[in-house]
Amino acid sequence: MHKLDTEVSSLDLRVLRFLKILLTTSSVTRTASHLGISQPAASRILARIRDLVGDPILIRTQSGYQLTDYALGLRHTVESAIQAVEDVFASSTFDPETSHYRFRIASTDYGVAAVLGPIMEQFAKTAPGLRIDVSSLVPRSFEGLQSGDLDLMLYINVTEGGDLLAQKLYEETYEVLYRQGHPLQEIAKSKSDLSPKDLSPFRQIEFNFPGTTELKPDTIMRSDEGQLAPVFHQPFFTTLPFLIGENDAVAAVPKRLGVQIQRVTNLCSSPFRRGESFPYYLVRHERTRHNLAINWFVEQAMASVKRR
């Protein structure tokens, strides 16, 4: 290590503060008084600075002590250095109105429709510079949280542990989606909720969701009587209007999504298997626990789902 490197690494903030005041007062005596140190201690600090930079910094002239040209050129640099150190230890802040933070989120189309979509319009008004980048939720999304490639993930049935933090957003129930004029319409009129037996005569579309290593089927439509698995499996909810809109196929979907789909289509829905539900979570890594931007996002998502 060079001598300069050794000397700089042994400096403390007091030396910079001494130099800042000296560059203002041009007096070792007044600088010592301001810092509450003795004149000999102040002289030793000045000697150390002189040795380090190779310039006398302060010289005696016929009209009194004056700063050298080199010293005068240090003012902005010294002030910037002190400010940089103070910034390191200053309390962090996050202002959504001016921030351009980019949130990287893994989700299924259900999570986008049920959680992210409803807060998009709100963000446009209160946090216009924020950016939400959504990627498909896949098994390797868990690795993305661990590596830092993702900030957040929307997921079901999370067991918090290890490095993951899971914030429960809500408990979700199910609805059955079907076309207008479907035979289920008459059946639903006399029942509080439909059952797997009610759906068994019809072609069923089952949703596959990503697990930690592979896609897993949501078997909510299957009965406990050895019913065969549906013959059509797919990982997309938002394709359902095209798959069931003009035939007798049916699909059990999370209620929040069913509400969203009915707003923009002519599909019908009925409650399905009351008492069956699943928790939905916003998941992140332990390292983000004190990330003000992500904490703010979680708070906004929580407030948004509570309003609906």
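Couple of notes before you dig in:
Each row is one residue, and each column tells you yes or no for (1) touching a helix residue (DSSP H, G or I) at 6+ places or on another chain (Cβ under 7 Å); (2) in a loop (DSSP other than H, G, I, E, B); (3) buried (at least 17 other Cβ atoms within 10 Å of the Cβ).
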| site | (1), (2), (3) |
| --- | --- |
| PHE236 | yes, yes, no |
| ALA252 | no, no, yes |
| LEU257 | yes, no, yes |
| PRO271 | no, no, no |
| MET302 | no, no, no |
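- Qualifying residue in region 272-290 (condition: over 30 Å from TYR178 (Cβ atoms) and of a type in the set (Asp, Glu)): yes
- Within region 24-51, the set of residues being exposed (fewer than 15 other Cβ atoms within 10 Å of the Cβ) and within 16 Å of LEU13 (Cβ to Cβ) comprises GLY36, ALA41.
- Among the residues of region 129-160, the ones that are touching a Ser or Thr at 6+ places or on another chain (Cβ under 7 Å), over 19 Å from ALA293 (Cβ atoms) and not aliphatic (A, V, I, L, M) come to 2 in all.
- Within region 131-160, residues that are of a type in the set (Asp, Glu) have Cβ atoms under 9 Å from residues that are loosely packed, with under 13 Cβ neighbours inside 10 Å and assigned to a helix (DSSP H, G or I) in these pairs: ASP149/GLU143, counting only partners at least 6 apart in sequence or on another chain.
- Against the test of being modelled with pLDDT of 90 or more, β-branched (Val, Ile, Thr) and either in contact with a Leu (Cβ under 9 Å, 6 or more places away or on another chain) or closer than 16 Å to PRO196 by Cβ (or both), the options VAL253, VAL231 yield a single qualifying residue, VAL253.
- Across region 128-155, the qualifying residues are those that are in a loop (DSSP other than H, G, I, E, B) and more than 14 Å from the chain's Cα centre (by Cα), and the one among them that is nearest to PRO241 (Cα to Cα) is LEU137.
- Any chance TYR280 is farther than 30 Å from ARG140 by Cα and of a type in the set (Phe, Trp, Tyr): no
The values are calculated or read from the model by the stated rules, or taken from the named source; none is laboratory data. All figures in this text were calculated on a predicted structure; none of them were measured in a lab. Backbone-built Cβ (ideal geometry, glycine too); neighbour counts: all protein chains shown.
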